[in-house]
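Read-outs: derived from the displayed coordinates by stated rules, not from any lab. Quantities reported herein were computed from a predicted structural model and do not represent experimental measurements. Because the Cβ atoms are built from the backbone with ideal geometry, glycine has one as well, and the counts that use them run over all protein chains shown.
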Amino acid sequence: MNMKKYIAFSIVFLFAFKVTYAGGGWVYKKGKGFFKAGQSLIYADRFFDGNGEVIDITTIGLYTSSLYGEYGLTDKLTAIGYFPFFVRSTLNEIKFRQSGNSVPGDEVNALGDAQIGLKYGFNQENPIVFSVGLTVGIPLGETMGGEGRILQTGDGEWNQLLRIDASHSFYPKPFYASATLGFNNRTQGFSDEIHYGFELGYTPTEKITVIIKSYTVNSLYNGDGVMTMSNGIFSNNTEYFSIGPELIYGITSDFGFTAGAGFAFSGKRILASPNWSAGLFMTF
Amino acid sequence: MRFRNFLLISLIFLSGCIGVDYFDDPIVDPILSISSTKTSILIGESFEIETTFTNEYGVVESVPITWQSSNVAIAAIVEDKILGVSSGQATIFANYKEILSNGIEITVVGNLNEVATVEITLPDNFNTQLNEGQTVQLTASSFNIEGTKLEREEIAWMSSNDNIASINDTGLLQAISIGTTNITASIDGVTSAPLGFSIGAQVRTGTFQGVGGYKVSGSVLLEVNGDGDLKVVLSEDFEADIALGTFIYLSNSTSGIPTRSGGLELGEITSNGGVAYTVSDVGLNDYQYVVVLCKPASLTFGFSEPK
């Protein structure tokens with residue numbers, strides 16, 4: 001198997017899973033890079049409450065169209081950018097069967113919160129490669145949107161995610177594994193978070209890579225004692241453990257598409273529905 | 001060119017419409033109510049009483065009604081109409097299955113000299129909310145079926161609960177203890193519509209508790225003021241998780257969706273601390289809970305059950 005292509009595929013997967021989970025321990029060589037246009041969708045009528053119990057809620061939809069890119073500034077330093085240029089959040093209308101009474105829904109279309117970052121790779125020639133990265137969240141999203149000013153496409157805060165990633169290729173066997181550990185420093189009264197995740201990739205043919213991944217976010221509960229208008233129920237003290245598959249198909253050697261899903265098996269203060277994603281990518 | 005084509009292919013938005021969530025209406029007690037602008041008729045006269053049935057979903061429904069009269073020798077039911085038979089008073093009820101309506105007192109008279117209605121009057125500057133120990137002089141007047149006042153001297157006063165408020169032969173009401181009672185006056189055997197009095201502070205108090213891992217604390221006071229309006233007061237130390245669209249509701253459920261659909265929205269809260277709401281046409285005990293609700297998601301943050 002072509003190791004270069006293999007690495008590119010893994011980067012695609014990692015992005016699809018979690019925006020900041022890019023590339024694992026690998027970094028791009030100078031002048032090389034990766035670009036992706038993606039869509040993701042969450043449509044949730046259930047919610048993990050603060051005790052982790054799943055409860056019914058009014059259905060919330062979140063549709064994100066985004067651009068993502070990585071570019072090798074040097075052989076060891078890679079720049080990362082994520083721009084959700086169109087985020088649509090919807091709240092379903094409620095209708096009652098017997099009376100016909102209804103409660104109107106709501107919607108907002110806006111930018112989402114963007115991210116920029118740098119990742120530095122080391123030990124890149126050894127069996128286990130490492131990278132450290134810092135990603136900054138830029139609050140471009142709407143925090144009080146819709147007719148009722150109750151919908152959000154962003155959390156309104158600058159955050160900094162410091163992370164370390166390690167990856168290993170089992171080449172010539174068509175497998176790889178990655179792990180990540182991160183600390184997300186949040187502002188505006190939000191609690192800081194510990195992130196960690198694992199993934200296993202398998203490339204049965206040159207065009208296809210199948211990946212299974214897990215990602216966990218734990219809150220440190222060191223934010224403001226109570227939620228406020230700006231750090232509402234869907235963004236503060238959020239915790240989850242998710243597992244999801246990803247399929248990557250290379251149409252040509254440098255162009256292809258991805259499709260995946262993330263399923264939260266447990267969580268707190270987060271929508272309890274799958275996150276579906278799809279995208280087109282190219283490498284250069 | 002290749003990059004541009006890539007972008008064009010990529011920018012296919014998945015923009016969803018606003019969907020619809022369907023729910024059954026909240027379950028409530030079915031109510032059969034009857035009403036009439038007419039409470040007295042002449043012997044031989046008949047009229048229809050208006051009926052309204054709201055089913056267990058709170059939806060008005062047309063149902064077959066059966067009628068009852070407390071005294072068919074005075075007022076009988078003929079072809080769904082109330083027929084005056086002889087002088088006196090009778091109470092009319094409606095039935096649907098096991099559900100009994102409120103009663104309407106019908107007075108049947110034979111001529112213009114007979115008392116058709118009796119009305120109780122409060123002095124100016126008094127209302128039906130009294131303090132313990134307070135007294136108020138009531139008066140009663142009688143009228144014939146055309147509304148002409150009839151002079152009568154003998155009036156029989158009655159309180160439905162003498163331990164709450166007593167009333168003597170002259171119509172002097174004495175408020176005794178906290179509670180409610182109905183006062184009626186009878187003239188020539190014709191009894192007035194009951195006039196309800198509330199004695200003492202009509203309040204309920206409760207403490208908030210968070211649910212589902214959310215924090216809500218503090219207390220709430222429900223009070224009926226002098227105008228009969230319900231005042232809901234959150235204490236100064238009230239504190240809650242406040243997200244976008246956090247509202248205070250009166251509700252008969254602590255669950256989010258029934259509260260949002262069947263509760264009474266008092267107002268949005270955007271900060272912690274004391275706040276008061278005043279609502280009309282709501283009784284002190286109409287709702288069991290005060291709920292802190294994240295309205296967009298129909299998610300209950302906490303509630304209080306005032307006693």
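Observations, loosely collected:
- Taking amide H as placed 1.01 Å from N in the peptide plane, A:Ser253 has no amide H partner under 5 Å among residues 5 or more places away or on another chain.
- Per-peptide packing, taken as the mean over residues of other Cβ atoms within 10 Å, places B:33-39, A:34-40, A:137-143, A:193-199 in the sequence A:34-40, A:137-143, A:193-199, B:33-39 from highest down.
- Couplings 3J(HN,Hα) for region A:91-104, derived from phi with the Karplus relation 6.51 cos²θ - 1.76 cosθ + 1.60 (θ = phi - 60°), are 10, 5, 6, 10, 10, 9, 5, 6, 8, x, 5, 9, 10, x Hz, where x marks Gly and Pro.
- Packing-based ranking of A:240-250, B:293-303 yields B:293-303, A:240-250, ordered from highest to lowest mean Cβ neighbour count within 10 Å.
- Annotation: the residues A:Met282, A:Met144, sorted from fewest to most other C-beta atoms within 10 Å of their own C-beta, follow the order A:Met144, A:Met282.
- Nearest 10 degrees, 0 to 90: helix A:3-17 Cα axis against chain A principal axis: 10 degrees
- Between B:Ile269 and B:Thr246, B:Phe247, B:Ile248, the built amide H atoms are under 5 Å apart, and every one of these is 5 or more places off in sequence or on another chain.
- Put in line by how crowded their Cβ is, counting other Cβ atoms within 10 Å and starting with the fewest, A:Ile251, B:Ile104 read A:Ile251, B:Ile104.
- Among A:Asn51, A:Asn184, A:Asn222, the largest mean-square fluctuation in a Gaussian network model of chain A, built with springs joining Cα atoms closer than 10 Å, belongs to A:Asn51.
- Alpha carbon centroid spacing (whole Å) that separates region B:254-289 from region A:100-122: 31 Å
- Counting only DSSP beta bridges whose two residues both lie in chain B, roughly 95 percent are antiparallel.
- Each DSSP beta bridge with both residues in the protein assembly as shown is either parallel or antiparallel, and the antiparallel ones are about 95%.
- FRET E, pair A:Ser253, A:Leu134, Förster distance 51 Å, beta-carbon r, rounded to 0.05: 0.95
- In terms of its C-alpha gyration tensor, the protein assembly as shown has a prolate overall shape, because the principal axis ratio a/c (a ≥ b ≥ c, square roots of the eigenvalues) is not below 1.5 and a/b outweighs b/c.
- Neighbour-count ranking [beta-carbon atoms within 10 angstrom, fewest first] of A:Arg186, A:Arg97: A:Arg97, A:Arg186
- Residue-wise HN-Hα coupling along region A:208-219, computed from phi with Karplus coefficients 6.51, -1.76, 1.60 (Hz; x: Gly, Pro): 10, 10, 10, 10, 10, 9, 10, 8, 10, 10, 10, 7
- Cut-off under 5 Å, modelled amide H: who pairs with B:Gly58 long-range: B:Val28
- Between B:Glu61 and B:Asp124, the simple spin-label model (points 7 angstrom out along Cα→Cβ) gives 5.1 nm.
- Inter-chain Cβ neighbour count for A:63-74, averaged per residue, equals 1 (cutoff 10 Å, partner chain atoms only).
- Using a Förster distance of 25 Å, the FRET efficiency for B:Glu146-B:Lys81 (Cβ separation, nearest 0.05): 0.70
- Prolate is the label for region A:52-144. Its Cα gyration tensor axes, ordered a ≥ b ≥ c, give a/c of at least 1.5 and a/b above b/c.
- For region A:190-196, the Karplus equation 6.51 cos²θ - 1.76 cosθ + 1.60, evaluated at θ = phi - 60°, returns couplings of 6, 6, 6, 9, 9, 10, 8 Hz by residue, with Gly and Pro reported as x.
- Inter-probe distance in nm under a simple model that places probes 7 Å from Cα toward Cβ, at B:Asp237 and A:Lys29: 6.9 nm
- Largest-first principal axis extents of the Cα set of region B:155-252 (Å): 63, 22, 22
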